[in-house]
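Coordinate-derived values only; no laboratory data. Keep in mind it's a predicted model, so treat the numbers as computed, not measured. Here the Cβ positions follow ideal geometry from the backbone for every residue, glycine too, while neighbour counts run over all protein chains shown.
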């Protein structure tokens with residue numbers, strides 16, 4: 001029987017194989033735009049959000065293949081957000097996933113349009129999914145949930161708050177609120193969408209929502225720690241980038257030790273939510289632990 005890390009790895013390998021098949025064919029898309037979309041979408045990365053989709057499905061006894069369209073759509077939304085976050089008018093980062101950011105590899109206009117196209121494609125995939133179309137009410141609810149997660153009450157709103165905080169002193173709670181929008185919302189929909197598809201109980205849905213929120217924030221706290229303590233050769237991103245931009249981050253606000261403590265508190269909160277789920281929770285447990293014990 002494979003151990004939990006092997007299960008996660010097998011999901012990652014399989015996901016990377018199926019992902020290109022969801023991207024538009026060359027005859028349907030201007031070559032430069034398709035190249036930029038492929039460049040960013042297939043650049044690797046941890047594929048954390050798809051793993052949350054599959055792990056939540058496993059905890060609800062869903063077949064992983066029934067979740068492919070959801071996993072791909074959420075990863076494309078995440079990729080679009082990274083392209084736009086890296087732009088000079090946003091976080092102004094030159095590196096992403098160990099390679100040049102999309103706007104550095106191509107140009108700023110192409111990067112913006114590639115992000116726009118990936119966002120639109122995500123919703124097209126959900127709308128066209130044969131598997132989801134068998135449950136139209138759940139399909140609509142998943143589409144609505146993803147739209148909220150990446151809109152004004154999700155990532156876009158979080159990015160506005162993030163940019164507005166540059167160079168300012170903010171509290172720990174204010175920073176946690178920013179990341180609940182910017183990072184947590186998309187991870188939450190990754191854990192809740194399988195519950196919607198499975199017609200899970202309200203208790204199970206709420207547990208996965210709270211798990212996603214806590215784990216998403218744990219990831220962000222630890223990302224802030226890696227920005228201070230990690231190497232760009234390992235993380236694939238510039239180190240000390242937050243300090244260089246006078247961007248509020250957990251180590252600067254509460255210190256390194258308290259940031260580590262907070263990430264562990266969030267991990268434990270997430271793990272406490274798994275007792276109400278009917279299936280195997282080993283992969284959800286692994287992901288919560290991984291959030292606060294990694295090098296990238």
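What to note about this one:
- Taking the chain and dividing mean pair separation by its residue count, relative contact order in percent (alpha carbons under 8 Å, at least six apart): 21 percent
- Highest GNM mean-square fluctuation among 27, 148, 96, for the chain modelled with Cα contacts below 10 Å: 27.
- Cα-based shape type of segment 87-220, given that a ≥ b ≥ c are square roots of the gyration tensor eigenvalues and the cut on a/c is 1.5: oblate
- Spin-label model, residue 296/residue 100: points 7 Å from Cα along the beta carbon direction are separated by 2.0 nm.
- Ellipticity estimate at 222 nm from DSSP helix runs (n ≥ 4, -39,500 (n - 2.57)) divided over the chain, nearest 500: -20500 deg cm²/dmol
- Angstrom value of the Kirkwood radius, inverse mean 1/r, which spans all Cα pairs in the chain: 19.3 Å
- The ratio of the alpha-carbon radius of gyration of segment 76-155 to the globular-protein estimate 2.2 N^0.38 Å is 1.27.
- Chain lengthening between residue 141 and residue 5 when straightened (0.36 nm per residue, less Cα-Cα): 45.9 nm
- Once C-alpha pairs closer than 8 Å and six or more residues apart are averaged by separation and normalised to the residue number of segment 17-83, the relative contact order reads 33 percent.
- Cα pair distances exceeding 17 angstrom across segment 15-88, given as percent: 48 percent
- Over segment 70-114, relative contact order from alpha-carbon pairs under 8 Å, at least 6 apart, %: 29 percent
- The modelled label-to-label distance between residue 123 and residue 177, using points 7 Å beyond Cα along the C-beta direction, is 2.8 nm.
- Within a Gaussian network of the chain (alpha carbon springs, distance under 10 Å), most fluctuating of 222, 15, 52: 15
- Once the Cβ-Cβ distance of residue 109 and residue 199 is raised to the sixth power relative to R0 = 45 Å, the FRET efficiency obtained is 0.55.
- Coarse-grained scattering of segment 131-196 at q = 0.16, 0.25, 0.27, 0.29 Å⁻¹, given as base-10 log I(q)/I(0) from a Debye sum over alpha-carbon atoms: -0.57, -0.97, -1.06, -1.14
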